[in-house]
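These notes are about the structure you will find just below.
The values are calculated or read from the model by the stated rules, or taken from the named source; none is laboratory data. All values reported here derive from a predicted model rather than from experimental measurement. Virtual Cβ from ideal backbone geometry, glycine too; neighbours counted across all protein chains shown.
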Amino acid sequence: MWFIDKIKGVFETRSKPVDQPQTNTLPIVMGKSADTSRTNSSIIFGALNLISNAVARAPIRHLIGYEKIENDDLSFLLNVRPNDYITAMRFWQKIVYDLIWHGNGYAYIIRDRFGQAIAFKELNKEQVQVKQASGLYFYYVTFTENQFDNKPTMLVESKDILHFRGQKRNDFFGVGAYDTLISTIMQNDENKQTYMDLSKKAAKIAGTMEFPAQMNVELIKKHMQLISEVLSQGDNALLPLQPGMKFNETKPSTANLLVFDLFKMTLQEIATALNVPPHMLGDVSGSADVEQLYLEFISMTLAPIATEIQQELSFKLLWKEGFIRKESLEFDLDELIVIEFFKKAQAHDILIRNSIFTVNESRKEFKNKPVKGGNVPFITKNYAGLTEMSNPKGGEQKNGKGNPDIGGTGSGDPDSRRE
């Protein structure tokens, strides 16, 4: 199953031995070192990528009642090309990533003169400001990622902004996993003070220290303590480096990643912040029922995200007339479930026999061409036509003969009832 293989590649078992490097490398922010045996950042952002990729793979169906609308313009925008510069896969990856991590994901709806959506433009959170006045919310959008651009910010009506929210902070904004994780860290007074110090200076000094391989743990700890004391004296303090030591500065944007590695957070705390089943952050290779774990991930993690997105899409893109005729936009999460061919064939056999699928609908799932007469629903074990039976309760046989009590003719030939 592609999904399980993906998990094994992202979240390796923590107890596996690793090759020792020639140098001891420790991430530091303001002199604090992280335990490299446990990198919280890799777990967090690995999970974010896993979730966003999974949701982005699920197709969005445009429905009227239970009937799918084929090859319409809206489905093309949502599933193929939302605009001229990005694919639908990348578009939804970014939306879901922002929704989970920042709590709010934004996209601008470009409409024609008739009000129909013709494109969607993804927006960074820095491009959107929301202001409240007289009980109403107004979106101010800057359509450039360059903060030094003098292009004015434009007021956009709420009907033209797709605003996807994560876990609710209030009726309008969502709260992301970042805020939740920081709140978890700051529940401890010592961590709170440390994080506040880091938040003030992390952007100025952030990086990794490399120590000679011959230095033991005690010497490294003593030197890290010395670095911490020197840095605490002022922003312009020099790093005390000895021969063989090296400091590699990282970009300010990565400072918040290093912050998470400084603190001991349990997998349960990370799983809670990301709304992910805890077992998804560990080794699942020994699980007795891997498929059940996958289904749990879909129902607990992916389904709430998909519901939030599809409700916002339906609210902003479908007219009142669409709601009257039961028009809707829905993610098809079933497409993410990869089932063994034989098991899938058995399931379809039951679905056809109970008139849930017609033969052609089943053939379509297997990417086969329709056949003549394949649109007739069946409800019997021997596939007698539902409209061709005197009693559509079934066509089971007793002792090799038809059962007249449930619609049979008394003949063992299942086709005799069609005459």
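Filter region 52-97 for residues that are of a type outside the set (A, V, I, L, M), closer than 19 Å to residue 116 by Cα and out of contact with any Asp or Glu (no Cβ under 7 Å at 6 or more places or on another chain) and give the result. Talk me through it step by step, then tell me what you get.
From region 52-97, those of a type outside the set (A, V, I, L, M) are 52-53, 57, 59, 61-62, 65-68, 70-73, 75-76, 79, 81-85, 87, 90-94, 97; that's our starting set.
Okay, now just the ones that are also closer than 19 Å to residue 116 by Cα, so 61-62, 70-73, 75-76, 79, 81-84.
Passing the criteria: 70, 71, 72, 73, 75, 76, 79, 81, 82, 83, 84.
For region 300-325, name all the residues that are farther than 16 Å from residue 50 by Cβ and modelled with pLDDT of 85 or more. Step through it out loud before you land on a result.
Of the residues in region 300-325, the ones farther than 16 Å from residue 50 by Cβ are 307-325.
Residues satisfying the conditions are 307, 308, 309, 310, 311, 312, 313, 314, 315, 316, 317, 318.
Among the strands (runs of 3 or more DSSP E) contained in region 73-175, which hold 3 or more residues that are under 25 Å from the mean Cα position of the chain (by Cα), surrounded by 13 or more Cβ atoms within 10 Å (Cβ to Cβ) and modelled with pLDDT of 90 or more?
Values: elements: 104-111, 117-123, 128-133, 136-141, 154-156, 161-165.
Of the strands (runs of 3 or more DSSP E) lying wholly inside region 73-175, those with at least 3 residues that are under 25 Å from the mean Cα position of the chain (by Cα), surrounded by 13 or more Cβ atoms within 10 Å (Cβ to Cβ) and modelled with pLDDT of 90 or more span 104-111, 117-123, 161-165.
Are any residues in region 294-352 of a type in the set (Phe, Trp, Tyr) and either under 15 Å from the mean Cα position of the chain (by Cα) or outside any helix (DSSP H, G or I) (or both), and if so, which ones? Reasoning before the result, please.
Filtering region 294-352 for residues of a type in the set (Phe, Trp, Tyr) gives 294, 297, 315, 319, 323, 331, 341-342.
Selection gives 294, 297, 319, 331.
To keep it simple, each residue is scored yes or no on (1) under 28 Å from the mean Cα position of the chain (by Cα); (2) surrounded by 14 or more Cβ atoms within 10 Å (Cβ to Cβ); (3) at pLDDT 55 or above.
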position	(1), (2), (3)
180	yes, yes, yes
184	yes, yes, yes
187	yes, no, yes
190	no, no, yes
212	no, yes, yes
218	no, no, yes
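Which of the residues that make up region 349-406 are modelled with pLDDT of 80 or more and of a type in the set (Asp, Glu)?
Once the filter is applied, which keeps residues that are modelled with pLDDT of 80 or more and of a type in the set (Asp, Glu), region 349-406 yields 349, 361.
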